[in-house]
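Encoded as structure tokens, the structure appears first; notes follow it.
The values are calculated or read from the model by the stated rules, or taken from the named source; none is laboratory data. All of these numbers come straight from a predicted model, not from anything done at the bench. When we count neighbours, we look across all protein chains shown, and the Cβ atoms used for this are built from the backbone with ideal geometry, even at glycine. Accessible surface is based on the protein model in full, side chains and every heavy atom, while ligands, DNA and RNA are left aside. Shrake-Rupley method; radii C 1.70, N 1.55, O 1.52, S 1.80 Å.
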Amino acid sequence: MSLASNLNKLVKDARAAGINFGGGGFRSYERQVELRGINGCPDIFTAPASSCRTPTAIPGTSNHEKGLAIDFTTGGSTINSGSTGFNWLVANASKYGLKNLPSESWHWSVTGG
């Protein structure tokens, strides 16, 4: 399964609608470990994502590590629920095989996780 082809189409179609998405997708296991520390997770390898200041999956379990998730930004900031970019994704992302993780407005993946 690949996110790249559909993501390219999504970005192009959003741009045509006046929305310029940026963001980040793949991250290595090592970067996931680093982010868990940065995000204040009580234990990097066992604490639930919800216990971190910013929810961050346990290393080895993130869709980002599998290349199946993206954190969307507009204007250099993560998108927020109710923003133009978020609303566009709600209306259109399923056409590109993406689902939102409800607790993180910026996080979209092939599984919603």
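State all residues of the range 1-30 that are among the aromatic types (Phe, Trp, Tyr) and in contact (Cβ under 8 Å) with a residue 40 or more places away in the chain; if no residue qualifies, say none. Can you show your working first?
First, pick out the residues of the range 1-30 that are among the aromatic types (Phe, Trp, Tyr): 21, 26, 29.
The answer is Phe21, Phe26.
Working carefully through the options Phe86, Phe72, Phe26, find the one that is among the aromatic types (Phe, Trp, Tyr) and at pLDDT below 95.
Numbers: Phe86 fails: at pLDDT below 95; Phe72 fails: at pLDDT below 95.
Answer to the check: Phe26.
What about Thr111, is it modelled with pLDDT under 95, of a type in the set (S, T, N, Q) and open to solvent by 30 Å² or more (accessible area, probe 1.4 Å)?
Numbers: modelled with pLDDT under 95: yes; of a type in the set (S, T, N, Q): yes; open to solvent by 30 Å² or more (accessible area, probe 1.4 Å): yes.
Yes: the conditions hold for Thr111.
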